[in-house]
Amino acid sequence: MALTTPSLSSFLSSYRLNPLLISRYGRRSRNPYRNSIRCKPRFFTVAAMDSVGFTSPLTEKSFDFTSEERIYNWWDSQGYFKPNDDSDGEPFVISMPPPNVTGSLHMGHAMFVTLEDIMVRYHRMKGRPTLWLPGTDHAGIATQLVVEKMLASQGIKRADLSREEFTSRVWEWKEKYGGTITNQIKRLGASCDWTREHFTLDDQLSRSVVEAFVRLHEKGLIYQGSYMVNWSPSLQTAVSDLEVEYSEEPGFLYHIKYRVAGGSKSDFLTIATTRPETLFGDVAIAVHPEDDRYSKYIGRQAIVPMTFGRFVPIIADRYVDKEFGTGVLKISPGHDHNDYFLARKLGLPILIVMNKDGTLNEVAGLYNGMDRFDARKKLWSELEETNLAVKKEPYTLRVPRSQRGGEIIEPLVSKQWFVTMEPLAEKALRAVEEKQITILPERFEKIYNHWLSNIKDWCISRQLWWGHRIPVWYVEGKDCEEDYIVARSQEEALVKAREKYGRDVEIYQDPDVLDTWFSSALWPFSTLGWPDVSAEDYKKFYSTTVLETGHDILFFWVARMVMMGIEFTGKVPFSYIYLHGLIRDSQGRKMSKSLGNVIDPLDTIREFGTDALRFSIALGTAGQDLNLSVERLTSNKGFTNKLWNAGKFVLSNLPSQSDASAWDNILDLKFDSEDSVCGLPLPECWVVSKLHLLIDSVTSSYEKFFFGDVGRETYDFFWGDFADWYIEASKARLYKSEGNISAPVAQAVLLYVFENILKMLHPFMPFVTEELWQALPHRKQALVVSPWPETSLPRNENSIRRFENLQALTRAIRNARAEYSVEPAKRISASIIGSDDVLQYMSKEKEVLALLSRLDLQNVHFIGDAKQSVHLVAGEGLEAYLPLADMVDISDEVQRLTKRLSKMQSEYDALSARLSSPKFVEKAPEEVVRGVREKVAEAEEKISLTKNRLSLLNSTTLITSE
């Protein structure tokens, strides 16, 4: 396997590109006078891993994104993603949020894969036994929908097949298409242990699900009953409260007369409803007890329209808002959540008028068998004909739709299985309160607590064919609600049935399956072998360390895992919950096909590379949404190239591997003691000290989950310190004649700093860093498993201050050159003045200063004549004089500025004349007058500066302060 690198022209063209378009550190000024890279190529063969051929980046123009899959497959084949069994450290374990088996990669996947892989790669390099356990979810509703649509395209309905035939078709589909999302996740660089991959319908996980159901039932926490649920008419199943999305849509508010039984024509109550078809299920009419408009009707009865005279009581209850609508509430407890709870409180009957397919039943009389929406139209028409319709007015509806199928959900009373949640929630609340679990960011703790404190019982049954069959069996001929058997298998159920009902008993299994989230709630421990608590993986890796996922499934999944983990294992399932936000477009909008702003991760990878995508995503903050743009991706692709080209420079300036003596000199240099660091020349001491500070800071940020800070700090050092300054300074050592004694020190420092940069960036940008690492000589192991840099290494604060002084002087000289339009290639003289201490260390770096500032090395003096010179103050105790004659032709400059001053004066006079005109000031718009005044002030400032410049040019000494 061959790894590759960038060309010289690519290096130069990308040198100024700043990949952090938006950084809290702001844009760095780049050196417009940087030397072109005059690398002295030393072509050598890199002896990388024996099992694969990595080639030197010197042979390639830029990092080849197509090599990413090759690198990934090599990592996987070498077993690098498996936990290191030789390590005795505390394991670091993450259970991957299992994506739906129907899924295709989107930016949400890219977010969780990137963040989790960053954690995993970091802790793997820290030497901890690291396990990232992957898998996919069977996604009951979503998968059944996909397969039903596929069958429909073949002219087949689910009802045409038996349950066994249908599930067999689903398994066929899963085997053919189910691996798509897994392969796409691999393209993102996910360093999971794929040998431990699970699917929620695996035998092991299915055994865990059955065990969990049986244990909860034995404790009395699972029960069966008829209650109000969210019903999907097309799928014919209940759906979770959390899987219902409400959207504001245009509709109507229908005002209908309910006549008072025994009253005159003027005795009626007007109700307002958005769903008139539910009136067939009315069991009462309610008003507020203190509403004087209706007090005379309390205790009487109302006639439900279109029911051939069915009466319902008119009752009073403070639940009714007398200020809303007409102040009259129809109570239809079989078809409205609020009405259902009110009816149960008041002891009212439950009347159901709708079939499970969304048609009306026999209770609706002549409307029996009609679709709910067709019935609504016909009913309103007939209400108008009978003068019971008051009015129909436009109204914005809050419509409940299925998150999966998108259809309108119907509140319906249905017999289902439920889990009693309150005792489970209490333990989950206590776990966070007692800091057994830390939620990041902390603000989500309040949301978590609020939901668990107000939790409802969980409807866990689904009327589907794809999923975990509920482990309940019924006895033929017996009441299903009274006589049922919960067992771990059909054989066990039959044994129990025979013990109770005799050998001739016949049993059949409940047709429902469990909510997909039920099996997902067991994920952190079922994937490790539970209920077999003696399983090696369970003993070694449970509890897991971190649960990382989107904050939008805090209730769907995270809270349920906490409750189930504590209930079944006695331990919290993870110590940290890290919640990420959504990825939005550049304008902060949610990505959607309708807006046409969806960014496809796979297309992004092909165009910009995986590393650029990961780096862009990782710069966000926990829990906050991230705006992603093509511009940001383009810039971070430039960062990848910048890193590549820095590697090219380092490699180009290392000795040949055949030069054993030169390599002995380099490898003998260590930077782990105070003497070894303090004994370095100033630029080398500065960059090594800055590196050691960075290692400490970055390591701390990794431990605190501040990944955005890691990315920004490392980028800032690499680009702003290493590439912009040290690489340039090192040329003063490297480009001397052969045999100079400073070259090995510079080579050793370049190699040392660059390899540590690669280590710190590897969790973010694994592919380009591994390719570069393999190109560096004397690599004994892959970067993915190389040790993390040591912390608390020595640094010299004094050298940092001194080099910052040199940087300030360099910037001052560069700015002066730019101000006087000195040609970049032109070398000028300089006289440096300062204290003895400053001159002593500055003079030692005369060659570096000359190189960075484009000075004539032979005419750089540390004392000298200051006449006719530009005076620069770089800092306290450090000044420089640049002979003006070296930079410009004084007479030509005077002539140019004189012409410029004349033009500026004319523009100023014209603007002043406008302001002197009362007619203009009084009649022109205020913003126009204000704009002219601002231009006048700006012109005055420019004229003053130009006059000063002319005056100084004509004087003997030009003085400017930097």
**Message:** Can you work out the Karplus-derived ³J(HN,Hα) for every residue in region 396-412? Use 6.51 cos²θ - 1.76 cosθ + 1.60 with θ = phi - 60°, whole Hz, and x for glycine or proline.
**Reply:** 7, 8, 9, 8, x, 10, 5, 4, 8, x, x, 6, 6, 7, 10, x, 8
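For the chain, what is the percent of antiparallel DSSP beta bridges, rounded to the nearest 5?
On the way: 65 of 92 bridges.
Percentage antiparallel, nearest 5: 70.
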**Message:** Run through region 86-186 and list the chymotrypsin sites (Phe, Trp or Tyr not before Pro) located in a DSSP loop whose Cβ has at most 10 other Cβ atoms within 10 Å.
**Reply:** none
**Prompt:** Could you state the number of Å between the C-alpha centres of region 284-347 and region 127-173?
**Reply:** 46
**Prompt:** Residues of region 468-492 with amide nitrogen under 11 Å from the 7 Å Cα-to-Cβ point of Asp504?
**Reply:** none
**Message:** Quick check: the distance between the Cα centres of region 710-787 and region 366-418, to the nearest angstrom?
**Reply:** 68
**Request:** For region 470-532, state which trypsin sites (Lys or Arg not before Pro) are in a DSSP loop and have at most 15 other beta carbons lying within 10 Å of their beta carbon.
**Result:** Lys478, Arg488, Arg503
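Over the chain, calculate the relative contact order: mean separation of alpha carbon pairs under 8 Å at least 6 apart, over the residue count, as a percent.
Working: 1648 pairs, mean separation 140.7, N = 962.
Worked out over the chain, it gives 15 percent.
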**Request:** Among (i) 223; (ii) 319; (iii) 252, find the value of volume of the Cα convex hull per residue in Å³ that was calculated from the structure presented, and write down its label.
**Result:** (iii)
**Prompt:** Where the centre of each part is set by its Cα atoms, how far does region 448-474 sit from region 510-577, in angstrom?
**Reply:** 15
**Request:** Round to the nearest 10 and report in Å² the accessible area of Val753, as given by a 1.4 Å probe over the protein chains' heavy atoms.
**Result:** 0
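Based solely on its DSSP helices, what 222 nm [θ] is calculated for the chain when runs of n ≥ 4 H residues each add -39,500 (n - 2.57) and the sum is averaged over all residues, nearest 500 deg cm²/dmol?
Values: 33 runs with 399 residues, N = 962.
Estimated from H runs of four or more residues: -13000 deg cm²/dmol.
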**Asked** Hey, what angle do you get for helix 559-569 against the long axis of the chain, alpha-carbon based, 0 to 90 degrees rounded to 10?
**Response** 80
**Request:** Evaluate the distance, in nm, between pseudo-label points positioned 7 Å from the Cα of Arg163 and of Glu323 along their respective Cα→Cβ axes.
**Result:** 5.3
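Just to confirm, what accessible area per residue do you get for the chain at 1.4 Å probe, in whole Å²? Spell out each step's value before the answer.
Working: 41530 Å² over 962 residues.
Each residue of the chain exposes 43 Å² on average to a 1.4 Å probe.
How much of the DSSP bridge set in region 232-412 is antiparallel, in percent, rounded to the nearest 5? Intermediate results must be reported in sequence, preceding the final value.
Numbers: 31 of 34 bridges.
Antiparallel bridges: around 90 percent, rounded to the nearest 5.
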**Table column - 3J(HN,Hα) (Hz), region 606-620, Karplus curve with 6.51, -1.76, 1.60, x for Gly and Pro** = 5, 8, 10, x, 5, 4, 5, 5, 4, 5, 5, 5, 6, 7, x
**Request:** Would you rank Phe324, Phe65 by solvent-accessible area, highest first, keeping every protein chain in place and using a 1.4 Å probe?
**Result:** Phe324, Phe65
**Complete:** To the nearest 0.05, the calculated FRET efficiency linking Thr66 and Thr634 through their beta-carbon distance, R0 being 22 Å, is 0.70
**Message:** I'd like the accessible area for Tyr484: 1.4 Å probe, protein heavy atoms, all chains in place, Å² to the nearest 10.
**Reply:** 60
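Which length gain, in nm to one decimal place, applies between Glu482 and Glu445 when the Cα-Cα distance is subtracted from 0.36 nm times their residue separation? Mind showing how you got there, number by number?
Numbers: separation 37, 0.36 × 37 = 13.32 nm, distance 4.11 nm.
Gain on extension, Glu482 to Glu445, equals 9.2 nm.
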**Prompt:** If you stretched the chain out fully between Phe373 and Val928, how much longer would it get, using 0.36 nm times the residue separation minus the C-alpha to C-alpha distance?
**Reply:** 193.8 nm
**Asked** Once you put a point 7 Å from the Cα of Gln587 and another 7 Å from the Cα of Glu938, both along the Cβ direction, what distance in nm separates them?
**Response** 2.9
**Förster-model FRET efficiency, 41 Å R0, Thr195 and Asn355, C-beta, rounded to 0.05** = 0.25
**Fill in**
Under a 1.4 Å probe, counting only protein heavy atoms, Thr59 has an accessible area in Å², nearest 10, of 90
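Among the listed pairs Lys780/Lys846; Lys456/Lys500; Lys126/Lys670, give every one whose C-alpha distance is greater than 29 Å. Provide the component values of the computation, followed by the final result.
Details: Lys780/Lys846 38 Å; Lys456/Lys500 34 Å; Lys126/Lys670 21 Å.
Beyond 29 Å: Lys780/Lys846; Lys456/Lys500.
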**Item:** Computed label-point distance, nm, for sites Glu407 and Arg430 using a 7 Å Cα→Cβ extension
**Value:** 4.4
**Complete:** Summed over the other residues with a beta carbon less than 10 angstrom from that of Phe706, with K and R at +1 and D and E at -1, the charge totals -1
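Would you please put 213-223, 761-771 in order of how densely packed they are, using the mean number of other Cβ atoms within 10 angstrom per residue and starting with the highest?
The packing order, highest mean first, is 761-771, 213-223.
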**Complete:** Nearest 10, in degrees from 0 to 90: the angle of helix 422-433 to the longest Cα principal axis of the chain is 20
**Asked** Val304: net charge of surrounding residues, Cβ under 10 Å, Lys/Arg +1, Asp/Glu -1, itself excluded?
**Response** +2
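Using a Förster distance of 56 Å, how high is the FRET efficiency between Val495 and Glu797, based on the Cβ-Cβ distance and rounded to 0.05? All intermediate terms of the calculation are to be shown ahead of the outcome.
Values: r = 78 Å, r/R0 = 1.39.
My answer for the efficiency is 0.10.
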**Request:** Report the extension gain between Lys265 and Ser676 in nm, rounded to one decimal, defined as 0.36 nm multiplied by the number of residues separating them, less their alpha carbon distance.
**Result:** 137.6 nm
**Asked** Quick one: with all protein chains in place, what share of the accessible area of the chain is carbon or sulfur, to the nearest percent (1.4 Å probe)?
**Response** 49
**Prompt:** Amide H to amide H, which residues 5 or more places from Ala284 or on other chains are under 5 Å from it, using H placed in the peptide plane?
**Reply:** Ile331
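Net charge within 14 Å of Arg372 by Cβ-Cβ distance, Lys/Arg positive one each and Asp/Glu negative one each, not counting Arg372 itself? Could the numbers behind the result be given before it?
Details: positive: Arg275, Lys356, Arg376, Lys377, Lys378; negative: Glu277, Asp336, Asp357, Asp371, Asp374, Glu407, Glu410.
Local net charge: -2.
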**Message:** I'd like the orientation of helix 682-703 relative to the chain: the angle between its Cα long axis and the longest Cα principal axis, in ° from 0 to 90, rounded to 10.
**Reply:** 10
**Links that overshoot a 19 Å alpha carbon limit, given the list Lys296/Lys391; Lys265/Lys377; Lys257/Lys378; Lys826/Lys942; Lys296/Lys345; Lys435/Lys539** = Lys296/Lys391; Lys265/Lys377; Lys826/Lys942; Lys296/Lys345; Lys435/Lys539
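The values are calculated or read from the model by the stated rules, or taken from the named source; none is laboratory data. The shown structure was predicted, so the numbers you read here are calculated from the model rather than taken from an experiment. Please note: Cβ atoms are built from the backbone with ideal geometry, for glycine as well, and neighbour counts cover all protein chains shown. Note: areas computed on protein heavy atoms with side chains; ligands, DNA, RNA excluded. Shrake-Rupley method; radii C 1.70, N 1.55, O 1.52, S 1.80 Å.
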